[in-house]
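Reviewing the structure listed below.
The values are calculated or read from the model by the stated rules, or taken from the named source; none is laboratory data. Fair warning: this is a prediction, and the values are worked out from it, not measured in the lab. For neighbour counting, all protein chains shown are included, and Cβ atoms are generated from backbone atoms with ideal geometry for every residue, glycine included. The protein model used for the area step is the full one, side chains on, heavy atoms only, and it has no ligands, DNA or RNA in it. Shrake-Rupley method; radii C 1.70, N 1.55, O 1.52, S 1.80 Å.
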Amino acid sequence: MSKKICIAIDGPAAAGKSTVAKIVAKELHYIYIDTGAMYRAVTYAAVSQKVPLNDEAALGKMLEEASIRFEPGEVQQVFIGAENVTEVIRSLEVTANVSEVAAHPVVREELQKRQQVFATEGGIVMDGRDIGTAVLPHAELKIFLLASVDERAERRYKENVSKGFPSNLEQLKKEIEERDHLDYTREHSPLQKADDAIELDTTSMTIAEVATMIHQLAEEKIAE
């Protein structure tokens, strides 16, 4: 029986992390953990409950009572308690506010603890902003995905249109640039490439090509 490793995939918004991570997890028969969905779920809960997004203490208290879980499906299902929030956490309002919520240390620390529990047994693929640096610093394989702002905005635009969300390409470019700034400059667990991560620029690559490359890298690590 081959060993099961932990794979950490980091990178900025809309770099293709989640899509690639799902493919790689399926091919390896690993569990996929969507950490971005966890931050989105917290953001959605805060907005729904009218918790001020700049009130770290209030967010922490809310999170103490929030049970976030995943269920398998053709599209992985995300729940807060009994509420299925899979679709609503991808709304424009959540997208516009998730970086502010994710910047709070109390939120990151609590969700990081939960993410580390998921990874205890190995055999997982986890994507996010700080997986290789803060959540799984000992992951056997770390990938850092990059892509140009124009490319990422185009991808997000197509994704939104396919899901029926109204979308403006130029506005998306602006939002991605702003989110990059927040993610790279936040004080707690900023977005950065781990020293031992493999950097992949996906601007001129298809999702299938990126997934194949990561799968091959994973097989090499498993065989070591």
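Brief remarks on what is shown
- Based on protein heavy atoms only, the chain ends up with 50 Å² per residue of surface accessible to a 1.4 Å probe.
- Descending principal axes extents, segment 7-65, alpha-carbon based, whole Å: 40, 23, 17
- When the alpha carbon coordinates of segment 90-206 are projected onto the principal axes, the ranges are 40, 33, 26 Å, largest first.
- Between the alpha-carbon centres of segment 126-159 and segment 18-65 there is a gap of 15 Å.
- Sparse-neighbour loop sites [trypsin sites (Lys or Arg not before Pro); segment 32-124; at most 12 other C-beta within 10 Å; DSSP]: Lys50
- Peptides 166-172, 145-151 ranked from most to least packed by the mean count of surrounding Cβ atoms within 10 Å: 145-151, 166-172.
- Stretched out straight at 0.36 nm per residue, the stretch from Glu199 to Leu146 would grow longer than its current Cα-Cα span by 18.3 nm.
- Point-charge dipole on Cβ atoms (K/R +1, D/E -1) for segment 34-121, about Cα centre, debye to 20: 100 debye
- In segment 1-144, the C-alpha radius of gyration followed by the widest Cα-Cα span (Dmax) gives 14.7, 49 angstrom.
- Residue of Ser18, Ser162, Ser91 that the Gaussian network model of the chain assigns the largest fluctuation, springs spanning Cα pairs under 10 Å: Ser162
- Near-label residues of segment 88-131 by backbone N, under 19 Å of a point 7 Å along Cα→Cβ of Lys174: 92-100
- Overall, the chain carries a charge dipole of about 380 debye about its Cα centre when +1 sits on the Cβ of Lys and Arg and -1 on the Cβ of Asp and Glu, all other atoms neutral.
- With the convex hull drawn over the C-alpha atoms of segment 109-152, the volume per residue is 88 Å³.
- Spread over its residues, the convex hull of the C-alpha atoms of segment 65-114 is 92 Å³ per residue.
- Solvent-accessible area, 1.4 Å probe, carbon plus sulfur percent, for segment 34-121: 52 percent
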